Amino acid sequence: MTDTMFANDVAARDAADPLAHFRERFHLRDGLIYLDGNSLGALPKATGERLARVVADEWGEGLITSWLGASWSTAPRRIGDKIARLLGANPGEIVASDSTSVNIFKALTAALSLRHERSVILSEATNFPTDVYMMQGIEAFSGGRVKAMTVAPDAVVDALSEDVAVLLLTQVHYKSGRVRDMAAITRRAHEVGALVVWDLSHSAGAIPVDLNGANADFAIGCGYKYLNGGPGAPAYLFAAARHHAATPVLSGWFGHARPFAFEEDYDPAAGIERFQCGTPPVLGLAALEVGVDLLLEADMAELRRKSLALGDLFIERMAPLCDAYGFTLASVAEHAARGSQVAYAHPQGYQIVQALKEFDVIADFRAPDILRFGLTPLYLGYGDVVEAVARLERVCATRAWDKPQYHERAAVT
Ligand SMILES: *Cc1c(COP(=O)(O)O)cnc(C)c1O
């Protein structure tokens, strides 16, 4: 295909894209190609207006009456029910609250309460660090009764044994984007009597998820990645209805059956509300709801189709750069095992990601050598992917990355 034919083909794909109209719903500076929506989702235009209203009307005018008058107190449950529609869960099985790390603690300890006689929390060693750190904190707090155990990624299923109380796995790996088979792994865990906590941080809003179809036990995930809930957005926690008797270890008053009765003793709410802890972050929840509502307007099957097509195009355009400049694909090319991102390894990965910013492309770097490109079908087109790789090619051809300032690592990558 000639260059012109190729350019026309890409333009035609963008013109025929049924999701293209979502882009104008986001605030994105002209010229910028944002390939980091898997780390911090873009800002929906409606968010500022919603926050201004919550601040001025609900907080400023309504003051404390807004807990009921503006439905602040039920927001975690209401938004949880919306997230449930993205994840194959039922209403009343998800609550939006706290951070992902805190929800990992809540889900793991709830699962442990259902498996008192067992001692092991199992995960893969390359899981997102906070997941493993939270396991290690529980081990330390338990005085050694609970063991945090990690094994190589491919050894997880074989490590399932009757000692394992709970398996903690991330469905879409944060670096490679590799997708785990949720239904098959859950089945294997259940065969040995273990429960599973799925981390859906890179799944929700990125790939179709069917928690109840997979007979999942617990799940948690971020609000600020593909859900576009904003920096530090509240996270969410899923507990299958059959596990709602699990003991909440973070037994705060918002998880009480009657928080405003101010009773002396803790009595957890019957349903998913027991997994709340303290006062909900109303402003953060309002922003999260805008992001979730926007995503619910899109057809998830269409979203997945486009995400894979963007990934295929990215990988195709990168092939010559792999040969010429030494990039190695670090994601699985196969569709079933690929999330909504593509990763490459390169020894100068950090510097290249920094230099790309000069060319108005934002991607990210994950140690030791991974360049991560997030593909967000709601605000990224085929032309963007082609242009991003062209700019990356320029970074390599001009050695724009080889500058002293890029050899110092910043605190946040
Ligand atoms: C982003 C991410 C987190 C982040 O946890 P926070 O508590 O929100 O900082 C946790 N787990 C995974 C797998 C992630 O990708």
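The values are calculated or read from the model by the stated rules, or taken from the named source; none is laboratory data. Note that this is a predicted model, so its numbers are computed, not measured. Using ideal geometry, Cβ is built from the backbone for each residue, glycine included, and neighbour counts are taken over all protein chains shown. These accessible areas exclude ligands, DNA and RNA; they are computed on the full protein's heavy atoms, side chains included. Shrake-Rupley method; radii C 1.70, N 1.55, O 1.52, S 1.80 Å.
Details
- Using equal-weight Cα scatterers in the Debye expression, the normalised intensity of the range 1-123 in log10 at q = 0.14, 0.15, 0.19 Å⁻¹ is -0.97, -1.03, -1.26.
- Set 106/306; 225/403; 45/175; 82/106; 45/225; 225/306 screened for pairs whose C-alpha atoms are more than 23 Å apart: 106/306; 225/403; 45/175
- In Å², nearest 10: area of residue 99 left accessible to a 1.4 Å probe: 50
- Peptides ranked, highest mean first, by Cβ atoms within 10 Å: ranges 314-321, 72-79: 72-79, 314-321
- The accessible-area ordering, largest first, of the residues 338, 394, 118, 187 stands as 187, 394, 118, 338, per a 1.4 angstrom probe.
- Computed with the Debye formula from one identical point scatterer per Cα of the range 49-296, without solvent, the log10 of I(q)/I(0) at q = 0.09, 0.14 Å⁻¹ comes to -0.37, -0.88.
- Residue list for the range 237-268, given a label point 7 angstrom along the Cα-to-Cβ vector of residue 64 and an amide N cut-off under 20 Å: 253-256, 258-264
- In a simple Cβ point-charge model (Lys, Arg +1; Asp, Glu -1; nothing else charged), the range 1-61 has a dipole of about 40 debye relative to its Cα centre.
- Principal-axis analysis of the Cα atoms of the chain puts helix 182-191 at an angle of about 40° to the longest axis.
- When the solvent-accessible area of the range 23-114 is split by element, carbon and sulfur atoms take up 58 percent of it, the probe being 1.4 Å.
- When the charge dipole of the chain is built from unit charges on Cβ atoms (+1 for Lys and Arg, -1 for Asp and Glu) and taken about the Cα centre, the candidate among 208, 146, 52 whose Cα reaches farthest toward its positive end is 146.
- DSSP bridge pairs, the range 49-296: antiparallel proportion in percent, nearest 5: 35
- Sorted largest first by accessible area at a 1.4 angstrom probe radius, with every protein chain in place, the residues 162, 264 fall in the order 264, 162.
- Formal net charge of residues neighbouring residue 281 (Cβ-Cβ distance under 13 Å; K, R +1; D, E -1): -2
- Relative contact order for the chain, counting Cα pairs under 8 Å that sit 6 or more residues apart, in percent: 21
- Comparing 337, 345, 204 in a Gaussian network model of the chain where C-alpha atoms under 10 Å apart are linked, the largest mean-square fluctuation is found at 337.
- Per atom type, the range 155-282 shows carbon and sulfur on 52% of its accessible surface, probed at 1.4 Å.
- Label-to-label distance, residue 190 versus residue 322, with points set 7 angstrom from Cα along the beta-carbon direction: 3.8 nm.
- Using 0.36 nm per residue and subtracting the Cα-Cα separation, the extra length available between residue 181 and residue 358 on full extension is 59.9 nm.
- Subtracting the Cα-Cα distance of residue 411 and residue 151 from 0.36 nm times their residue separation leaves 90.8 nm of extension gain.
- Considering only 102, 386, 192, the Gaussian network model of the chain with Cα springs below 10 Å gives its largest mean-square fluctuation to 192.
- About the centre of its Cα atoms, the chain shows a dipole size close to 200 debye [charges on the beta carbon of Lys, Arg (+1) and Asp, Glu (-1) only; nearest 20 debye].
- The range 125-283, relative contact order in percent, only Cα pairs under 8 angstrom and at least six apart counted: 14
- Rg followed by Dmax, in Å, when the range 75-116 is reduced to its Cα trace: 11.5, 33
- Extending 7 Å from Cα along the Cβ direction at residue 113 and again at residue 241 yields two label points whose distance is 2.0 nm.
- On a per residue basis, the convex hull of the C-alpha atoms belonging to the range 208-322 measures out at 154 Å³.
- Computed label-point distance, nm, for sites residue 126 and residue 140 using a 7 Å Cα→Cβ extension: 2.6
- Potential lengthening of the chain between residue 7 and residue 297 amounts to 101.4 nm, from the contour at 0.36 nm per residue minus the alpha-carbon distance.
- Rounded to the nearest 20 debye, the dipole magnitude of the range 199-344 is 300 debye, with +1 charges on Lys and Arg beta carbons, -1 on Asp and Glu beta carbons, and the Cα centre as origin.
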